Amino acid sequence: MTRNSIFSRTTETPNVTTDDDRTIAGLLLFVLGAGFMTAIMLAAALVPGYDFRGGAISDLGVFSESALLFNGGLVMVALLNLAGGYLLGYTPTPDVK
């Protein structure tokens, strides 16, 4: 059984990404970056003596003052990444005969 015969059973193309999905995905991925940078800056501001140049950002997930904010930001990044990736999906190429 060839790949084409598997997909020829259905009449509609599965999982075609629309322009609206791409717009929403782009917005989610933009919010992801802006939100993560904001979470890092806020978490760094909460920790007394934290140095952006000398400290690793992963340290922000350990300090009790910033752990919830930083780790919550990472969860937000993961969820928005999954949602954006799902909405982008893939655009199959049409069969040329």
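The values are calculated or read from the model by the stated rules, or taken from the named source; none is laboratory data. Note that the structure is predicted; figures quoted are calculated from it, not measured. Reconstructed Cβ throughout: ideal geometry from the backbone, glycine too, with neighbour counts over all protein chains shown.
Figures for the structure shown
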quantity	calculated
Any chance Phe30 is exposed (fewer than 15 other Cβ atoms within 10 Å of the Cβ), assigned to a loop (DSSP other than H, G, I, E, B) and aromatic (Phe, Trp, Tyr)	no
Contacts under 6 angstrom Cβ, first residue in the range 66-81 being small (Gly, Ala, Ser), partner surrounded by 15 or more Cβ atoms within 10 Å (Cβ to Cβ), 6 or more apart	Ser66/Ala43; Ser66/Leu46; Ser66/Val47; Ser66/Leu60; Ala67/Gly61; Gly73/Phe36; Gly73/Ala39
Among the residues listed as Phe63, Phe36, Phe52, the single one being among the hydrophobic types (A, V, I, L, M, F, W, C), modelled with pLDDT of 90 or more and not in a helix (DSSP H, G or I)	Phe63
Selection count, the range 1-33, where residues are out of contact with any helix residue (DSSP H, G or I) (no Cβ under 8 Å at 6 or more places or on another chain), among the β-branched types (Val, Ile, Thr) and at pLDDT 80 or above	1
